[in-house]
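Colleague: Dropping the structure in here first, questions after.
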Amino acid sequence: MSQPVSSKIRNAVRIDRAFRLVWRASPSWTLLNGALVLVQGVFPLLSLYLLKLIVDTITETVQSGGLETGISKLIMLIGAAAVVALAQAGTTKLADYSAEAQSTIVTDFVYDTMHRKSVDLDLAYYEDPNYFDTLHRAQQEGPYRPTRIVNGLNRLGQSGMSLVAMVGLLFTFHWSAGVLLFASALPGVLVQIVFSKKMYHWQQQRTSIERKADYYSWLMTADASAKELRLFDLGGFFSETFNCLRGVIRGEKLALSRQRAIADFVAQACAIIILMACFLLIGFRTIKGLITIGDMVMYFQAFQRGLSSLKELLHSIAGLYEDNLFVAHFFSFLDVQNTLVEPTEPEALPPVSQRGITLTDLHFRYPGQAKPVLSGLSLTIKPGEVVALVGANGAGKSTLVKLLCRLYDPEQGNIAIEGTDLRNLALSDVRRQISVVFQDFVKYHLSVRENIGLGDIKRLDDVAAIATAANRAGAEELIQNLPNCYETILGRWFIGGVELSQGEWQKIVIARAFFRDARLVILDEPTSSLDGNTEYHLYLKFKELMAGRSALLISHRFSTVSMADRICVLHDGRIVEDGTHKELMTRNGIYADMYTKQSIWMEDLERKG
Ligand SMILES: Nc1ncnc2c1ncn2[C@@H]1O[C@H](COP(=O)(O)OP(=O)(O)OP(=O)(O)O)[C@@H](O)[C@H]1O
């Protein structure tokens, strides 16, 4: 079935896109590569013609006996052939180097493009398995396919030029030689096209299972799972599952390779038969004295070189077809669109006044989920106010944080800073106004200074401000006891790194949150790993530490909650109770119930001693 025109155009556009990408990455090397292709195309014709002259000179000299002139002509011709061969060798080496330089630069450029794209994408994609399939395919194909397309185009030009020269030469022998040349290379190319398509479809279907195998491999090698893996003796189970998945992939891949090898062999057998028929024809005409020995050598060579140029040409076309199919994986990743829309003309961030941050009638469900997480949530956080948010597991507290950071947009309702909807502000302005200690915070395997400084990247080297933040978070003593204080590398990934306890990490992360000059500081389970003493000191001066900024505290610990100005209870997707500790206890609702149960439990513990 012939390909529809629209699809042919799409394919051509992808080649064009790949070429533009390579050009943007390394224009000078791409230009040099193109020029070298042209130069290299001339050499085969020159050397062949010199070969014919050498053979004819020898034959003539042997037949006529004019030894002196014959030898001096031969020396001159061999000298010329040596110059051509040297020039060809030099150009080939330069072309190899230039191709390598181009491909390394392009590969790094592609990685950079992929990283920028990943960083720029909505958080929602990181919670969608389809996105991970797309990313996995892009990571597999992206780094090398664009360069291969450009190199394929180069080879196409080079083999095309060489082929035109050889076919021209062969036509002076007989018209059928050119036709036979084409006939011999065609089956091989058809095989390549058919199998690239098969491989492409196979890869599409196998991405999920490949990712699953990668996941088990990661579980067996990552530090995050190292402890449990040993304790629960999971190595054997993971390894078996990994081998089983890889076995399926390997079996299918090898079956495809087997089919391809057989088809390739049949194609090559056809080519050999045609080649031998042609050699027979050339030999036959030489014996009959229709062509000279020099002609015979030249035609033999021309046929062989023509054949390899044609093979190269057709394989370049088939290769381009394949690369073009696979580079689509990379471009579909680049084409993933964000759903969070940045305003084209963002409003200026309003100054802090009295309204604070208002959440009005928020409704939200995760993409593809039927059950809403938030349904009609309203809440106000005034400037300088410390609000605690409590609720059962899965009530939607962390989800609310994601909406506040505009990592997601609500389905209905709005969030506003001093009356301005977040959606009308530049994303960077919104995010600059919010500092968060996430429940699953990141432990950067970098220096202490960087771990805190990353809270406000522009002030990464402001050691005095970093020390102030550390002091406010109660991390100063811990840092002073580290071997290189603020320059100590944390974590065990790099040589000299020092591992901290979970609570010590938490102090560093709280310092990171304090370091950012934001209007709202959100602490999601901020003190779950802090010892009682540190927690007490942190909350004793919490208002002072906040220095006029608002805070949203999410916690299941009532010691954290009770120090807030207001406590809000999230239940059934809404705020159902809102007031001070005393007010909520008097109300005798959900909060009072939760508080009483925790108190009874604590008293029980005390009684048991
Ligand atoms: N990325 C996601 N995709 C789909 N559903 C999600 C996602 N993240 C959370 N959920 C669901 O949303 C609901 C609210 O989750 P959320 O993490 O906001 O709860 P939480 O109140 O912070 O819970 P906890 O107190 O246990 O931390 C849960 O039912 C959870 O399963």
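Values quoted throughout were computed directly from the atomic coordinates according to the rules given, and no laboratory measurement underlies them. The model shown is predicted, which means the values in this text are computed figures rather than measured ones. Cβ sites come from the backbone with ideal geometry, for glycine too, and all protein chains shown count toward neighbours.
Colleague: What fraction of the DSSP beta bridges in the range 357-607 is antiparallel, stated in percent and rounded to the nearest 5?
Modeller: Working: 19 of 37 bridges.
The answer is about 50 percent antiparallel.
Colleague: Where a Cα-Cα gap under 15 Å defines reach, which aspartates and glutamates qualify for LYS458, not counting those fewer than 8 residues away within the same chain?
Modeller: ASP429, GLU450, ASP517
Colleague: Here's something else I'd like to know. Within 15 Å, Cβ to Cβ, of GLU210, how many net charges do the neighbouring residues add up to if Lys/Arg are +1 and Asp/Glu are -1? Could you put the intermediate results ahead of the total?
Modeller: Numbers: positive: ARG137, ARG206, ARG211, LYS212, ARG246, ARG250, LYS253; negative: ASP133, GLU141, ASP214, GLU252.
Computed value for this residue: +3.
Colleague: What does the extension gain come out to for TRP218 and THR92, with contour length at 0.36 nm per residue minus their alpha carbon separation? Numbers along the way, then the final one.
Modeller: On the way: separation 126, 0.36 × 126 = 45.36 nm, distance 4.20 nm.
Length gained between TRP218 and THR92: 41.2 nm.
Colleague: At R0 = 51 Å, how high is the FRET efficiency between ASP133 and THR580 if r is their beta carbon distance? Nearest 0.05 is fine. Write down the numbers at each step before the final one.
Modeller: Values: r = 50 Å, r/R0 = 0.97.
The formula returns an efficiency of 0.55 here.
Colleague: Still on this structure: Please report LEU325, LEU74 as a ranked list, fewest other C-beta atoms within 10 angstrom at the top and most at the bottom. Please list the in-between numbers first.
Modeller: On the way: LEU325 21, LEU74 15.
The fewest-first ordering by Cβ neighbours comes to LEU74, LEU325.
Colleague: Just to confirm my numbers, what's the Cα centroid distance between the range 188-217 and the range 19-53 in Å?
Modeller: Cα centroid of the range 188-217 versus Cα centroid of the range 19-53: 33 Å apart.
Colleague: What order do you get for ILE291, ILE600, ILE495, ILE522 when you list them from fewest to most C-beta neighbours inside 10 Å? It would help to have the intermediate numbers written out before the result.
Modeller: Details: ILE291 16, ILE600 10, ILE495 6, ILE522 25.
Arranged by neighbour count, lowest to highest, ILE291, ILE600, ILE495, ILE522 become ILE495, ILE600, ILE291, ILE522.
Colleague: While we're here: Hey, what's the Kirkwood Rh for the range 280-406 if you take every pair of different alpha carbons, in angstrom?
Modeller: Details: mean 1/r = 0.0438 Å⁻¹.
With all distinct Cα pairs of the range 280-406 included, I get 22.8 Å.
Colleague: What net charge do the residues around LEU77 carry, taking every other residue with its C-beta under 11 Å from that of LEU77, with Lys and Arg at +1 and Asp and Glu at -1?
Modeller: Numbers: positive: LYS52, LYS73; negative: ASP56.
Cβ neighbours under 11 Å give a net charge of +1.
Colleague: While we're on this one: Alpha carbons only, please: Rg and Dmax for the chain, in angstrom.
Modeller: Looking at the chain, its Cα Rg and Dmax stand at 36.0, 126 Å.
Colleague: Okay, next question. So how long is each side of the range 357-607 along the principal axes, counting just the alpha-carbon atoms, biggest first, in Å?
Modeller: 55, 51, 36
Colleague: Check the straight Cα-Cα distances from LYS443 and name the lysines below 17 Å, setting aside those fewer than 8 residues away within the same chain.
Modeller: List returned: LYS507.
Colleague: Given a cut-off of under 8 Å on Cα pairs at least six residues apart, what relative contact order in percent is computed for the range 357-607?
Modeller: Working: 442 pairs, mean separation 64.0, N = 251.
Once divided by the residue count of the range 357-607, the mean separation gives 26 percent.
Colleague: Hey, if you put +1 on the Cβ of every Lys and Arg and -1 on every Asp and Glu Cβ in the chain, which of MET220, GLY419, HIS445 ends up farthest toward the positive end of that dipole?
Modeller: Looking along the dipole axis, the top candidate is MET220.
Colleague: Between the helical axis of 145-171 and the dominant principal axis of the chain, each derived from Cα atoms, what acute angle in degrees is found, rounded to the nearest 10?
Modeller: Between helix and principal axis, roughly 10 degrees.
Colleague: Distance from the Cα centre of the range 89-105 to that of the range 267-346, in angstrom?
Modeller: For the range 89-105 versus the range 267-346, the Cα centre distance is 21 Å.
Colleague: At 222 nm, what value in deg cm²/dmol follows for the chain if DSSP H runs of at least 4 each add -39500 (n - 2.57) and the sum is divided by all its residues, to the nearest 500?
Modeller: Calculated at 222 nm, the ellipticity per residue is -22000 deg cm²/dmol.
Colleague: Taking only C-alpha pairs under 8 Å that are 6+ residues apart, what is the relative contact order of the chain in percent? Spell out each step's value before the answer.
Modeller: Numbers: 794 pairs, mean separation 83.4, N = 609.
For the chain, the relative contact order is 14 percent.
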